[in-house]
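Have a look at the structure below, then the notes.
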Amino acid sequence: MENLQYILPEIFISASIMLFLLVGVFKKNSASLIYNLSNISLVILLALIINLSSLDKVYLFNNSYLIDNLSNYMKIILVGSGIFVMLTGSKYIQVINLNKIEYPILILSSILGMMIMISSNDLIVFYMGLELQSLALYVLASFNRDNLLSTESGLKYFVLSALSSGLLLYGCSLTYGFSESTNFNQILINSTEFNYGTTFGIVFILVGLAFKISAVPFHMWAPDVYQGSPTSVTLFFAILPKIAALSVFIKFLYTPFANMNDQWQTIIVFISIASMIFGAVAAIGQKNLKRLIAYSSISHIGYALAGLATVSNQGIQSSITYISIYLVMNLAFFSCLFMLRRNEKYYENIEDLSGLSKKHPILSFSLLIVLFSLAGIPPLAGFFAKFYIFLAVIEQSMYFLAIVGLLATVVAAFYYLRIIKIIYFDPEKEEYERSHNLGLKITLAISTLFILAYFIYPSGITEIVSKITMI
Amino acid sequence: MNFPILSSLILLPTIGALFILFTKSSSGKYQSSKYVALFISLANFLLSLYLWYVFDKNSIDFQFVENREWLSGFINYKVGIDGISILFIILTTFITPICIISVNATITNRLKDFLIAILIMETFMIGVFCSLDLVVFYLFFEAGLIPMFLIIGIWGGERRVYSAFKFFLYTLLGSVLMLVAIIAIYWITGTTDVEKLYELGIQVEYQNLLWLAFFSSFAVKTPMWPVHTWLPDAHVEAPTVGSVLLAAILLKMAGYGFIRFSLGLFPIASENFTMLVYILSLIAIIYTSLVALMQDDMKKLIAYSSVAHMGFVTLGIFTMTQQGIEGSIFQMISHGLVSAALFLSVGVVYERHHTRLINKYGGLVSIMPRYAIVFMVFTLGALGLPGTTGFIGEFLILMGAFEKNILVAMIASLGVILGAAYMLWLFKRVVFGEMKNQELKSMKDLKSFEIITLSALVVPILFFGFYPEPLINSIEVSVENTLNMYNFDLVNNIASRD
């Protein structure tokens, strides 16, 4: 029982979910109340996690649960971005009539699932966390149930995700069968010798995880789900599951399968290159901003995976840095998207940005910064994210990966430039509304300033992340 | 720690840009922001002149070095200057106020944003010439793309979108390979500090590939044939001030990079690839001069002449002789002044008559005598008449080339003749001849601010043309040092092979 203090954050968030559910059922019209309470509970959750962050490595419950630097850092950025996601979306869900009690509760439960995923040290615990977050996400994707696209995206996500969960489970069972344990550390010990069973297990698990992280060739769901879901849910999709899946990726590759890196390294390099190229090329023809950001997220995940492919601590740290900077850029981008509101209607096509810079100089300047940063142009934060990745990749003499990756950034730069062109060079359209809720404005200001001023003190994140060592 | 004079030089324009951001924009005239910009850029110019004054011209070391921890201990923010960089810094700080004065004429909408873009651009350009760390250099080198993209795209001509994209993507494509090379250098040698790299040297087996990666970036930026095609487009579509910045300073970044990095870091590879550079330079000189002859758009003609002039620069650098490199640096400074002046001159008539086609003009001398005089000085400067800066640069480059390879030098000399041909023909068609077009009659001669900017350019072109000593004096020791290091490495390499 003395272990319970270490999982206080998880206990707290589970208790809050149940409490909010009760309040929601018994108190009428309590949607806004629960939304705000959920946000507050996320802040408390963040404080609880930070409180534990001094722990170096604690195994709980027969080694099936692990709290270490990796899980702490990932949980902090997970919950931190969760808070901002809730802040930015609050007005949006009111405007499009989605302000129901289930919405924040689903978000909280999927965050709980992700936290379990991040900390899991056992195949069964991991799968439990994964399914908890996935089930919540299926519902969230189709939350706008009167909208055809939203329903379609929920269904699509459910079918494909269930398929990938099936593959994942199959991989887990193969791994269990051949290494005689579900515990990550035990699998590591038992899998020192090469055998086909474990190798197949790795492949299936990686395929399943690649689905969750939307890496090519398992990316098909991403554009439709991104476009169809309500924008606030898309923002959630774009950030939180990525953080969780990436840390699970790191965990799988570097704990149970650490001895087999010559088996999985080629797979990761392939997935990474395919994602970088495909994401860059496919985004060029897009007209919808959410769809475009889906393709862009595919290519960004390619870069994050390139760091993992290096089999070095430097590489893992660069991936984590990448995802941290990437989430800030996404927050900033979606905050701008939430500001494109006119007469209680949100606009999400690229053409709607036409000539935005004349009437909305600050908004367009933020977009300019975000887009150049996404394209990886110095001196913005996005450049440093890529810089760390390539630093790690070239350290391992993987020049091919580095050169392909950098050439893909040039292709990707084209479609980011196209948006900038539409904002700055094209004739203006009608004005958008200027009153926005405070949370949205604060998020936009903080994230833009972060991107813009990152170069002044680039060591900040690097120093925190450098504590995370897996090898 | 002394006063960080270089960092203030870099940051001052950005601070000015922030000021302008917060000046009131509702007044249609933007007077206040214009004065703020002018004041800041003049202050920066004076600061750089002061820097030149206190700069020790007889020292081979980098001076005013600032070294701060930046990227968690492994990459430092390091800036410093030697005799070569100081001239480019002064060129930058000199051209910027001229640009700001001449925005009056050319930019009608969103002037405030334009001034901010120019000042930010100045920050990046000075940063490029100061940085003594490869990563810092790359940062400034690439960051300059953002304001320039916006300058071409927002305030440009009809095909501005195409040109802006072409400019951006071409340059980015060239530069990403340089980034790979920089990171590779970090892992090979353990540092990206230029001074340390000069001491350590880079192993011979890596040099060729690394040189090519740097070359891909600099060749696009120079621009060298066959990757020069973005330049005419960018020049034609950019607003006058944008063309001035592009021609006068941005192109010089690559020439500077060749001297500082290609020669300094990879001497053996530079020696291996000398012939490649010669051939590309000669093609640039001859071919683009011929292309320039055929242009009917004034800006395009000057753009092609820029490519030809930069061909001389790369040729001079890779002669690896004292004269050749000094000539190249001189040519770059001279081209910075002359091409800026030519683009401004084209801007003068374009603003009055709204066309850049040469055959729409003719006989301007009778209605715009003052304009005819300054335009003549710039034309003569561009074709390298003795007494202008253009002559000294080309003369020194050809001297260096004759020392190394007579055939190359002879072909390059043909370029001088072609240069005279297209420039004089341009001058003849625009300024002399009969005035066929009656609409031209209403054109007025130079306004006062145009007299200020153009004569500010006439003075250094003639002064340094007759008395090049101050410039040569400032670069002499640094060039000598670069060459000494270069030859030392070569001799060592040959010795180690034997």
Within the protein assembly as shown: Cβ-based charge dipole about Cα centre, in debye rounded to nearest 20 (Lys, Arg +1; Asp, Glu -1): 3040
In whole Hz, what ³J(HN,Hα) sequence does region A:384-389 give by Karplus (6.51, -1.76, 1.60; θ = phi - 60°), x for Gly and Pro? 5, 4, 5, 4, 4, 4
Ascending count of other beta-carbon atoms within 10 Å, so fewest first, for B:D56, A:D352, A:D122, A:D146: A:D146, B:D56, A:D352, A:D122
Per the helix-only calculation at 222 nm, which mean residue ellipticity applies to chain A, given -39500 (n - 2.57) for every DSSP H run of n ≥ 4 and division by its residues, nearest 500 deg cm²/dmol? -25000 deg cm²/dmol
With angles folded into 0 to 90 degrees, how steeply does helix B:160-189 sit against the dominant principal axis of chain B? Use alpha carbons for both and round to 10. 10
Per the charge dipole of chain B (beta-carbon charges, Lys/Arg positive, Asp/Glu negative, Cα centre), the residue among B:G362, B:F449, B:F488 reaching farthest to the positive end is B:G362
Dipole of region A:338-430, Cα-centred, from +1 at each Lys and Arg C-beta and -1 at each Asp and Glu C-beta, to the nearest 20 debye? 140
Estimated FRET transfer efficiency when R0 is 22 angstrom, pair A:F200-A:D262 (beta carbons, to 0.05): 0.90
Alpha carbon convex hull of chain A, projected area averaged over orientations, nm²: 20.8
Name the residue from A:G376, A:I350, A:Q265 whose Cα lies farthest towards the positive end of the charge dipole of region A:257-471, charges +1 on Cβ of Lys and Arg and -1 on Cβ of Asp and Glu. A:I350
Under the Karplus relation 6.51 cos²θ - 1.76 cosθ + 1.60, θ = phi - 60°, what is the ordered set of whole-Hz ³J(HN,Hα) values for region B:223-231, x standing for Gly and Pro? x, 9, 4, x, 9, 8, 5, 5, 5
Check which residues have an amide H placed less than 5 Å from B:I75's amide H, if you skip close sequence neighbours. B:W70
Average partner coverage of A:407-414, which counts Cβ from other chains inside 10 Å: 4
Longest principal axis of chain B (C-alpha) makes with the long axis of helix B:31-54 (C-alpha) an angle, in degrees to the nearest 10, of 40
Proximal aspartates and glutamates relative to A:K429, as straight alpha-carbon distance under 16 Å, when same-chain residues fewer than 8 apart are discounted: A:E348, A:E351, A:D352
Per residue of A:329-338, how many C-beta atoms from partner chains lie within 10 Å of its own C-beta, taken as a mean? 0
Check: C-alpha center region B:32-89 vs C-alpha center region A:278-330, spacing in Å is 37
Please list B:143-156, A:442-455, A:48-61 highest first by mean number of surrounding beta-carbon atoms within 10 Å per residue. B:143-156, A:442-455, A:48-61
Other-chain or far-sequence residues with amide H under 5 Å of A:V216's (modelled H): A:S275
Helical mean residue ellipticity (222 nm; -39500 (n - 2.57) per DSSP H run of 4+; nearest 500) of chain B: -25000 deg cm²/dmol
Neighbouring Cβ atoms within 10 Å as the yardstick, rank B:C99, A:C172 fewest first. A:C172, B:C99
List A:F194, B:F464, B:F62, B:F167 from most exposed to least, where exposure is judged by having the fewest other Cβ atoms within 10 Å. A:F194, B:F62, B:F464, B:F167
Assigned charges on the beta-carbon of Lys, Arg, Asp, Glu; chain A dipole about Cα centre (debye): 1120
Too long for a 23 Å Cα-Cα cut-off, among B:K112/B:K300; A:K156/A:K345; B:K112/B:K299; B:K34/B:K360; A:K212/A:K251, are B:K112/B:K300; A:K156/A:K345; B:K112/B:K299; B:K34/B:K360
Neighbouring partner chain Cβ atoms per residue of A:382-392, average, 10 Å criterion: 3
Give me the net charge of B:K196's neighbourhood, meaning all other residues with Cβ under 11 Å from the Cβ of B:K196; Lys, Arg count +1, Asp, Glu -1. -3
Could you list which residues have their amide H under 5 Å from that of A:Y65, counting only those 5 or more apart in sequence or on another chain, with H placed in the peptide plane? A:L60, A:N121
Can you tell me the 0 to 90 degree angle between the C-alpha axis of helix B:274-293 and the longest principal axis of chain B, rounded to 10? 0
Cut-off under 12 Å on the C-alpha distance; same-chain residues fewer than 8 positions from A:K91 excluded. Which aspartates and glutamates are left, in chain and number order? A:E344
How do B:15-21, B:221-227, A:84-90 rank on mean C-beta neighbours within 10 Å, highest first? A:84-90, B:221-227, B:15-21
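The numbers here are math on the coordinates, done by the rules we state, and not lab data. Note that this is a predicted model, so its numbers are computed, not measured. With ideal geometry, Cβ positions are generated from the backbone for all residues, glycine too; neighbour counts draw on all protein chains shown.
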